[in-house]
Amino acid sequence: MTNFGKKVKTTNDLELKDRLVAINRVTKVTKGGRTFSFSAIVVVGNENGIVGYGLGKAGEVTSAIAKGVEAAKKNLVKVPVNKGTIPHEQVCRFGGAEVFMKPAAHGTGVKAGGAMRAVLESVGVTDVLAKSKGSSNPHNLVKATVKALAQMRDANTVARMRTIALNKVFNG
């Protein structure tokens, strides 16, 4: 798994909710016939700024989902969420998938589709405008969305990195 942002220590006090993004049935042809297995991509988050994704592969769907949840718990990232939206616009690519996210006013809702929606709802974003371009492969969409969220910085972080006062971040 690729790590994009600051990792978060997994502790038992985190209430993580998991969302299944996609299940894929994989067939392996052998001398004895066809062998079926399943791969599942899962997103976990506490709906308060922490999100992670994982891929699980197993002979049964439930086992694949359980393995995906365990893998996602090892790959958590902290994301700044401002009043239910993201701090700034962000464009990010992973593989053939490109995602564009833009902050939205309160009451707009999550305007995103499929895999992006699962990630954004898991992180706790309630108002955002999002668009996916290029590949619609759920694996790459999830990875691009998490990568974009991990690159987000709030005003306090920018001020600390530039070693200037918070009001000078906006007044340039």
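Could you let me know the centre-to-centre spacing of region 115-172 and region 14-93, using Cα atoms, in angstrom?
Going from one Cα centre to the other spans 19 Å.
Less than 12 Å apart at the alpha-carbon level, and either on another chain or at least 8 residues along: which aspartates and glutamates does that give for LYS133?
GLU98
What residues from region 49-68 fall in the zone where the backbone N is under 12 Å from a label point 7 Å along the Cα-to-C-beta line of SER37?
56-60, 64
Run the numbers on the chain and let me know its relative contact order in percent, using alpha-carbon pairs under 8 Å that are six or more apart.
Numbers: 393 pairs, mean separation 35.4, N = 172.
Worked out over the chain, it gives 21 percent.
If you take the beta carbon distance between ASP154 and ARG25 as r and set R0 to 30 Å, what does 1/(1 + (r/R0)^6) give as a FRET efficiency, to the nearest 0.05?
Working: r = 41 Å, r/R0 = 1.37.
With a Förster radius of 30 Å, E is 0.15.
Could you work out which residue, out of VAL44, VAL91, VAL77, moves most in a Gaussian network model of the chain, that is, has the largest mean-square fluctuation with Cα springs under 10 Å?
Maximum among the listed residues: VAL91.
So what is the 222 nm mean residue ellipticity for the chain from helices alone, if each DSSP H run of at least 4 adds -39500 (n - 2.57) and you divide by all residues, rounding to the nearest 500 deg cm²/dmol?
Details: 5 runs with 50 residues, N = 172.
Here the helix-only value at 222 nm equals -8500 deg cm²/dmol.
Amide H to amide H under 5 Å from ALA97: which residues, 5+ apart in sequence or cross-chain, H placed 1.01 Å off N in plane?
Sorted by chain and number, the residues that satisfy this are SER135.
Pick out which of ASP154, ASP18, ASP127 has the largest mean-square fluctuation in a Gaussian network model of the chain, springs linking Cα atoms closer than 10 Å.
Of the options given, ASP154 has the highest mean-square fluctuation.
For a test of understanding, tell me how many lysine pairs in region 17-77 have Cα atoms under 17 Å apart, given they are 8 or more places apart or on different chains. Walk me through the numbers before you get to the answer.
Values: LYS17/LYS67; LYS17/LYS73; LYS17/LYS74; LYS28/LYS57; LYS57/LYS67; LYS57/LYS73; LYS57/LYS74.
Lysine pairs satisfying the spacing and distance rule in region 17-77 number 7.
Of ARG117, ARG34, ARG19, which is the most mobile in a GNM of the chain whose springs link Cα atoms less than 10 angstrom apart?
It is ARG34.
Once Lys and Arg get +1 and Asp and Glu get -1 on their Cβ, which of MET116, SER135, ALA105 lies farthest toward the positive end of the dipole of region 9-144?
It is SER135.
Hey, got the dipole for the chain? About the Cα centre, +1 on K and R Cβ, -1 on D and E Cβ, debye to the nearest 20? List each step's numbers first, then the result.
Values: 27 positive and 11 negative charges, 117 e Å.
With Lys and Arg at +1 and Asp and Glu at -1, about 560 debye.
Return the distance in nm (one decimal) between the two label points of a simple spin-label model at GLU89 and ALA66, each offset 7 Å from Cα along Cα→Cβ.
Between GLU89 and ALA66, the simple spin-label model gives 4.6 nm.
Values in this text are rule-based calculations from the coordinates and carry no lab data. Because the structure is a prediction, the values reported are computed rather than measured. Note: ideal-geometry Cβ built from the backbone for every residue, glycine included; neighbour counts use all protein chains shown.
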